[in-house]
Amino acid sequence: MSEKKSRMIDIIVPCYNEGRNIDIFFDDVQAVVSGIEGYEFSYIFVDDGSEDSSFDNIKEIAAENDCVHYISFSRNFGKEAAMYAGLKAANDRASDFAVIIDADLQHPPKLIEDMIRKIEETGCDSCAARRVTRKGEPRVRSIFARAFYKIMNRYSDIEIIDGAVDFRLMNRKMIKAIVSMPENQRFSKGIFAWVGFHTEWIEFENVERISGESKWSVWGLTKYAIAGFIDFAASPLKAIGVFGGLTTLGSAIYLIIEILKTLIVGKDVPGYASIICLILFFGGLVTAVLSIMGEYIGRMYMETKGRPIYIEKESDLDE
């Protein structure tokens, strides 16, 4: 009787200035996956243009471990590009599964075993992790995150689970679907939801970084949230149309009232203050409307350029 073939799981690790964490991360993950039977694990470290020793550390680990591979970008393209590069590599390698995990150990490696078990038990296409607490995060950031999920789920065409993170295990079908979406400006949480497939969730409590600081500032998260909302929601444009229609209707009613008022009581002297207020109000409104439309048009413009999502500088997967 032939021995059952092990299934391949690629562990995708986006890295940006994680030089102090990579060795610890690799040892911790190896301690978990080495005890899982029936699967072979490979690592795909994606260096996102790090300015520290990250890439050197990755190459040292790869030289000592045949299961470790790497991709290095020509500059910092962002975590979204790094995740896409890793998934594309996993798809090209025809791996059975891929798991995305951060190198700072805020994603507990022990959950990989739980994800595998969940997929085996339920037959789902993906098992993803969601944080149920935000202990250790700045309060402003926590409030902002909760507000984002509420707004996103209410006004977009997709549903993103509150607390969802990028840490997830996906089968080959889902990987292929994600890689088939080559949009340049990516919002993976939305893409994961948009492609569908059966996803199960595992809850975990927030874990602080082992060292270093988060690469995300409040302003960076704000821009990321706005970009994600625009990518998956047309409601701002619809709201502009509705508001414009209501404004036009209100203006028509006001015009009729003024005509009747003039015919009945005579012409009134217009008020300077009210005119200035209306000019400022509608001037600001038009500017806001043009700004919203500009965001959509700008993103369309960037997509039509057809620029690559990332530029690869070095990789051992091409050998």
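The values are calculated or read from the model by the stated rules, or taken from the named source; none is laboratory data. All figures in this text were calculated on a predicted structure; none of them were measured in a lab. Reconstructed Cβ throughout: ideal geometry from the backbone, glycine too, with neighbour counts over all protein chains shown. To get the accessible areas, we keep the full protein, side chains included, count just its heavy atoms, and leave off ligands, DNA and RNA. Shrake-Rupley method; radii C 1.70, N 1.55, O 1.52, S 1.80 Å.
Worth a mention:
- Among the residues of segment 56-82, the ones that are in contact (Cβ under 8 Å) with a residue 60 or more places away in the chain and open to solvent by less than 10 Å² (accessible area, probe 1.4 Å) come to 5 in all.
- Identity of the residue in segment 159-177, in contact (Cβ under 8 Å) with a residue 40 or more places away in the chain and of a type in the set (Val, Ile, Thr), that ends up most open to solvent (accessible area, probe 1.4 Å): Ile161
For (1) in contact with a helix residue (DSSP H, G or I) (Cβ under 9 Å, 6 or more places away or on another chain); (2) surrounded by fewer than 17 Cβ atoms within 10 Å (Cβ to Cβ), each residue gets a yes or a no:
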residue	(1), (2)
Ser6	no, yes
Pro14	yes, no
Asp23	yes, yes
Phe26	yes, no
Ala31	no, yes
Tyr39	yes, yes
Phe45	yes, no
Glu51	no, yes
Ser54	yes, no
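- Residue check, Glu208 surrounded by fewer than 19 Cβ atoms within 10 Å (Cβ to Cβ), at pLDDT 65 or above and closer than 30 Å to Ser95 by Cα: no
- Unmet requirement for Ser180, which otherwise passes all of (1) at pLDDT below 80; (2) open to solvent by 50 Å² or more (accessible area, probe 1.4 Å); (3) of a type in the set (S, T, N, Q): (1)
- Answer from Tyr39, Tyr16 - the residue that is in contact (Cβ under 8 Å) with a residue 60 or more places away in the chain, closer than 23 Å to Arg131 by Cα and among the hydroxyl-bearing types (Ser, Thr, Tyr): Tyr16
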